[in-house]
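Below is one structure, written out as structure tokens; the observations come after it.
The values are calculated or read from the model by the stated rules, or taken from the named source; none is laboratory data. These figures come from a predicted structure and were not determined experimentally. Here Cβ is always computed from backbone atoms with ideal geometry, including for glycine, and neighbour counts include all displayed protein chains.
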Amino acid sequence: MTMSFSHHTLGQRVHFGAGNLTADVRSETKRMGAQQILLIASGSAEAAADALHATLRIAHRLDGARQHVPVEDVERACDAATQAQADLILCVGGGSAIGLGKAVALKTRAPIIAVPTTYAGSEATNIWGVTEAGVKATGTDDVVLPRSVVYDVELVRDLPAELASASGMNALAHCIDSFWAPRADPLNSLWSAEAIRALNRGMAQLAEGSIHSPEGSQQLQYGAYLAATAFASAGSGLHHKICHVLGGSFGLPHAQTHAVMLPYVLAFNLPSAPEAGERIAAALGVADPTAGLERLRSRVEAPRALREHGLKEADLGRAAELILGVVPASNPRAMTPDDAVRLIRAAWAGDDPATLAGPSQRDDDARSLQSQINSVPDRSSHLHGRASS
């Protein structure tokens, strides 16, 4: 069978190592000729930020980057970058710090060096996101792709087990979404499958209680990088669209929301994507990808229900209505209002994801939530035309 597709590979220098933080970041800042560095750090990455602050020319430092990149934080950070005449943005931390750095780069056009301390994957994409008035707008621009990424396994050594498992599931979501995203192609599928294998190996270490294993942690870093490169090329699929809605509109925590939603979106799409299902199953080493993902999620004690992370039952109708407004045209299975109701209620309650593969078994709940959807003013126009990835 002949193939016909176009693939865009993003250009980026990547360093993997152990104890390589200072040496590799110094080398990259020198290569890029940076003189005035804006340092952005997550609260959990203070020690790593301190180590870099002590050895680099830091013009200004911002600590405590917040989730979902609130627009008011972006404005303050851009003002700081302008006043400092920053010619480089150094981001140290998880997706929040790197996301804030990207938003600043989008305004100032300054290059980025990223030092990830979780498995979020933002460091390997050209995707930005900013939340304003309860709506998370996203887009793509090559200027926000970090020029260099430094992975030091020692930076994830002390990552709490609950965050490591949620962040690992987030990375798996990048892989799985890449099989049916708008620009999915054979190369993205190849990288995604290898990423799933690496992440599965790394998360097995978590399940065995070997969270501090350098081998397991490096497998997670490697898998997270591959997953993000595939995702950056393929674009944002149904899973990520849903998670952006839930994070931006309801303030749900990023990694935990991805960890909860992934099995449900997978179960929903698989009946219409058998080839993707076969690839995912093979990478996980199981016969049934939905059941395999559920077993993995249970083994690492990843989050299981949105109600445990801040989503109220009274908000399910609005959430379902918003989800309907962001379903990508490329999604392999069409979504009806009833499907959206079933999906969000199942994820809220922590029900068995396998129930989403067939017709609704909860007609009373579906009718009740559908009436809520009908009573909610249309907000989907705020999302259309603004979310390009």
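Residues of the stretch 21-37 that are over 15 Å from A110 (Cα atoms), among the polar types (S, T, N, Q) and touching a helix residue (DSSP H, G or I) at 6+ places or on another chain (Cβ under 9 Å): T22 alone. Inspection of the stretch 35-52 identifies at least one residue that is surrounded by 14 or more Cβ atoms within 10 Å (Cβ to Cβ), over 24 Å from the mean Cα position of the chain (by Cα) and farther than 23 Å from T82 by Cα. Taking the stated definitions as given, is G325 on the phi > 0 side of the Ramachandran plot, in contact with an Asp or Glu (Cβ under 9 Å, 6 or more places away or on another chain), at pLDDT 90 or above and small (G, A, S)? Here the answer is no, as G325 does not meet what is asked. The residues of the stretch 198-242 include none that are without any contact (Cβ under 8 Å) to a residue 12 or more places away in the chain and of a type in the set (V, I, T).
Restricting attention to the stretch 291-320, the residues that are assigned to a helix (DSSP H, G or I), among the acidic types (D, E) and farther than 17 Å from F268 by Cβ add up to 3.
Note on the stretch 220-276: residues that are under 14 Å from the mean Cα position of the chain (by Cα) and either outside any helix (DSSP H, G or I) or outside the structural domain of G325 (by TED's automatic domain parsing) (or both) amount to 5. Against the test of being part of a helix (DSSP H, G or I), touching a residue at least 12 places away in the same chain (Cβ under 8 Å) and among the β-branched types (V, I, T), the options T22, T55 yield a single qualifying residue, T22. Residues that are within 30 Å of G317 (Cβ to Cβ), in a helix (DSSP H, G or I), of a type outside the set (V, I, T) and in contact with an Asp or Glu (Cβ under 9 Å, 6 or more places away or on another chain) do not occur anywhere in the stretch 205-212.
The residues of the stretch 165-194 that are within 11 Å of A228 (Cβ to Cβ), small (G, A, S) and outside any loop (DSSP other than H, G, I, E, B), listed by number, are A171, A173, S192.
Among the residues of the stretch 5-29, those that are closer than 24 Å to N126 by Cβ and out of contact with any strand residue (DSSP E or B) (no Cβ under 8 Å at 6 or more places or on another chain) comprise F5, S6, H7, H8, T9, L10, G11, S27. Here is the figure for the stretch 66-114: residues that are closer than 15 Å to A41 by Cβ and assigned to a loop (DSSP other than H, G, I, E, B) total 5. Can you say whether G129 is crowded, with 19+ Cβ neighbours inside 10 Å, assigned by TED's automatic domain parsing to the domain that holds E278 and outside any loop (DSSP other than H, G, I, E, B), as far as the supplied structure shows? Here the answer is no, as G129 does not meet what is asked. Only one of the listed residues (A314, A305) is surrounded by fewer than 18 Cβ atoms within 10 Å (Cβ to Cβ), modelled with pLDDT of 95 or more and closer than 25 Å to S165 by Cβ. That residue is A305. Across the stretch 132-165, the qualifying residues are those that are surrounded by fewer than 24 Cβ atoms within 10 Å (Cβ to Cβ) and among the small types (G, A, S), and the one among them that is nearest to A48 (Cα to Cα) is S148.
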